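To keep things clear, I will list the structure first and then write my remarks on it.
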Amino acid sequence: MTATDTQQIESEVLDAFKGLVDACRALDVRRYLDYLDKEKFTGLGADGRVWHSIKDIEDVISAGFAMIEKIVSLEFDKVKVTVLNASTAILVNEFTQTLLLKDATRIDQSGGGSQVWLRSGNTWKLASISASDAVSADGPYSRQ
């Protein structure tokens, strides 16, 4: 694989990640789930629980998005794509977000994540997600 091939794959994966982030910001469950590889998906949540099926993550995402009134901010730093081969890449990042829940609770959260992206035809799909919450003196979340 040439450096140009690697750069092209990095760009494609970053574009797919941007689409995933846009779906989050819009609280669009269906669009978010469209980025997941329905056959190969598995993952690990920040709470230490595993998702071994697409149904597991669908339940988490659907319930989580339903609780949110508004995403006040959602930022990603230190985003890096590592290309393993022509059809596999790993994306890692740090994030900070502020959420306003429907019950008026405000949540400030930060942490990191990693994703395994697989090429499926001409698109990139998530085969795995893992997340980690940053821990401050008062725990991983700040509720106000």
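Under a Cβ-only charge scheme (Lys and Arg +1, Asp and Glu -1), can you give me the dipole magnitude of the stretch 1-110 about the Cα centre, in debye to the nearest 20?
Roughly 180 debye, rounded to the nearest 20.
I'd like the accessible area for Arg106, computed on protein heavy atoms only with a 1.4 Å probe and all protein chains in place. Round to 10 Å², please.
Answer for Arg106: close to 90 Å² accessible.
Mind checking the angle between helix 3-25 and the chain's longest principal axis? C-alpha axes, 0 to 90 degrees, to the nearest 10.
30
Over 22 Å between Cα atoms, which of Lys55/Lys125; Lys80/Lys125; Lys38/Lys102; Lys18/Lys38; Lys40/Lys102; Lys18/Lys80 qualify?
Among Lys55/Lys125; Lys80/Lys125; Lys38/Lys102; Lys18/Lys38; Lys40/Lys102; Lys18/Lys80, the Cα-Cα distance tops 22 Å for Lys38/Lys102; Lys40/Lys102.
Looking at the stretch 2-68, what % of the alpha carbon pairs are farther apart than 17 Å?
Pairs farther apart than 17 Å: 52 percent.
Pop out the carbon and sulfur fraction of the accessible area of the chain as a percent, whole number, probe 1.4 Å.
52
Quick check on the chain: take the gyration tensor over C-alpha atoms, sort the square-rooted eigenvalues as a ≥ b ≥ c, and tell me if it's rounded (a/c under 1.5), prolate or oblate.
Here the chain falls in the prolate category.
So what's the back-of-envelope 222 nm ellipticity for the chain, counting only DSSP H runs of four-plus at -39500 (n - 2.57) apiece and dividing by all residues, rounded to 500?
Taken over the chain, the calculation gives -9500 deg cm²/dmol.
How far, in degrees from 0 to 90, does helix 54-67 lean away from the longest principal axis of the Cα atoms of the chain, to the nearest 10?
Approximately 40 degrees, to the nearest ten.
Counting other Cβ atoms within 10 Å of each Cβ, which GluC sites (Glu not before Pro) in the stretch 3-108 have at most 11 and sit in a DSSP loop?
Glu39
Any idea of the accessible area per residue across the stretch 1-53, 1.4 Å probe, to the nearest Å²?
Using a 1.4 Å probe on heavy atoms only, each residue of the stretch 1-53 averages 60 Å².
To the nearest Å, what is the center-to-center distance of the stretch 2-31 and the stretch 71-100, using C-alpha atoms only?
When both Cα centres are located, 9 Å separates them.
The values are calculated or read from the model by the stated rules, or taken from the named source; none is laboratory data. The structure presented is a predicted model; accordingly, all values stated were derived computationally and were not measured. Quick reminder, even Gly has a Cβ in these numbers, built from the backbone with ideal geometry, and neighbours come from all protein chains shown. Accessible surface is based on the protein model in full, side chains and every heavy atom, while ligands, DNA and RNA are left aside. Shrake-Rupley method; radii C 1.70, N 1.55, O 1.52, S 1.80 Å.
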